[in-house]
Amino acid sequence: MRRIAVVIPAAGAGRRMGSVAKPLVELGGQPMLQRSIRPFLDRDDVHWVIIALPPELAAAPPHWLMGDRRVDVLAGGAERGDSVRNALAAVPMEAEIVLVHDAARPLVSAEVIERCVAAAAEGRSAIAGMPIVDTIKEVDGDGCIVSTPDRRTLWAAQTPQAFPAEVLRDAHARAAADRISTTDDAALVARYGGTVMVVEGATDNMKITTPADLAIAEALIARRS
């Protein structure tokens, strides 16, 4: 059986949500973070879930996080990349695959997770994503259109992102040595010569950023029910 570790950076300030602790925001009667980690804990091959929380929450984690021995919490860093690096340092060396998932994507499905895991199990790095349906414009500093990229080549990135563990560890170690910070682990792996593929995500696998997103997510949960 594969040995998978899941890293959840959840230390963001939630400024666009009114500076609330976004992991604790209730969604369909459950904290958002609880919904985000559940599909991973439902897998027998997930052995570790490392969650990077704001320092005050990491010091006194909510009780519902501590009911599964596979879950560990620690203090995140100032930026997302710092939180991932902190959590990655806590991943045991025997982990074969590391998944990185946004705490603010609480509607991820088992099918999307499996597609990412399947790629990493073959030694490839992969992210979930969806083809862009809108026409995209590149503009300059004055707001004038510079180009119109071919949307057939454009995908919207989602999470989870999945990596052979040694690939992600190496990328973060090199980034730390180079003093590089990033919000995208796939971009970091690619920066250091890795190849990252895109597997099919899902329209429901949205990121909760604003109060309006909460309303949409509530509707999607009601539809699932």
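So what are the ³J(HN,Hα) numbers for the range 195-212, from phi and the Karplus equation (6.51, -1.76, 1.60; θ = phi - 60°), rounded to whole Hz, Gly and Pro as x?
For the range 195-212, the Karplus curve yields 9, 10, 9, 10, 10, 5, x, 7, 5, 5, 7, 7, 9, 8, 10, 10, x, 5 Hz.
Around Arg191, under 11 Å between beta carbons, what's the net of Lys plus Arg minus Asp minus Glu among the other residues?
My count for the surroundings of Arg191 gives -2.
Can you find, among Phe40, Gln30, Ile51, the residue farthest towards the positive end of the dipole of the range 19-106? Put +1 on the C-beta of Lys and Arg, -1 on that of Asp and Glu.
Projecting each Cα onto the dipole axis, the largest value belongs to Gln30.
Tell me, what is the percent relative contact order of the range 110-225, built from C-alpha pairs under 8 Å that lie six or more residues apart?
Here the relative contact order equals 31 percent.
Can you work out the Karplus-derived ³J(HN,Hα) for every residue in the range 35-51? Use 6.51 cos²θ - 1.76 cosθ + 1.60 with θ = phi - 60°, whole Hz, and x for glycine or proline.
Taking θ as phi minus 60°, the curve returns 5, 5, 8, 4, x, 6, 5, 6, 9, 6, 8, 8, 9, 9, 10, 9, 10 Hz for the range 35-51.
Figure the gain on full extension for Arg3 and Arg70 (residue separation times 0.36 nm, minus the Cα-Cα span) and round it to one decimal in nm.
22.9 nm
Given 0.36 nm per residue, what is the gain on full extension from Asp150 to Asp45 after removing their alpha carbon distance, in nm?
Working it through step by step, the gained length comes to 33.9 nm.
How large is the helix-only mean residue ellipticity at 222 nm for the chain, computed as the sum of -39500 (n - 2.57) over DSSP H runs with n ≥ 4, divided by its residue count, in deg cm²/dmol to the nearest 500?
-9500 deg cm²/dmol
Nothing charged except the Cβ atoms of Lys and Arg (+1) and of Asp and Glu (-1): what's the magnitude of the dipole of the chain about its Cα centre? Round to the nearest 20 debye.
About 200 debye.
List the residues, sorted by chain then number, that are 5 or more residues from Ala156 or on another chain and whose placed amide H is less than 5 Å from its amide H.
Residues meeting the criterion, in which the H sits 1.01 Å from N, are Met130, Ile132.
May I ask for the net charge around Asn86, where only other residues with Cβ less than 14 Å from the Cβ of Asn86 are counted and Lys, Arg are +1 while Asp, Glu are -1?
-1
Using each residue's phi in the range 52-63, evaluate 6.51 cos²θ - 1.76 cosθ + 1.60 at θ = phi - 60° and report the 3J(HN,Hα) Karplus result to the nearest Hz, with x for Gly and Pro.
So the J values, rounded to whole Hz, are 8, 10, x, x, 5, 6, 5, 6, 9, x, x, 4.
Find which of His172, Ile136, Thr195 sits farthest along the positive direction of the dipole of the range 103-207, computed with +1 on the beta-carbon of Lys and Arg, -1 on that of Asp and Glu, about the Cα centre.
His172
Every number in this text was worked out from the coordinates using simple rules, so none of it is lab data. Since this is a predicted model, take the numbers as computed values, not measurements. Every residue, glycine among them, receives a Cβ derived from its backbone with ideal geometry; neighbour counts consider all protein chains shown.
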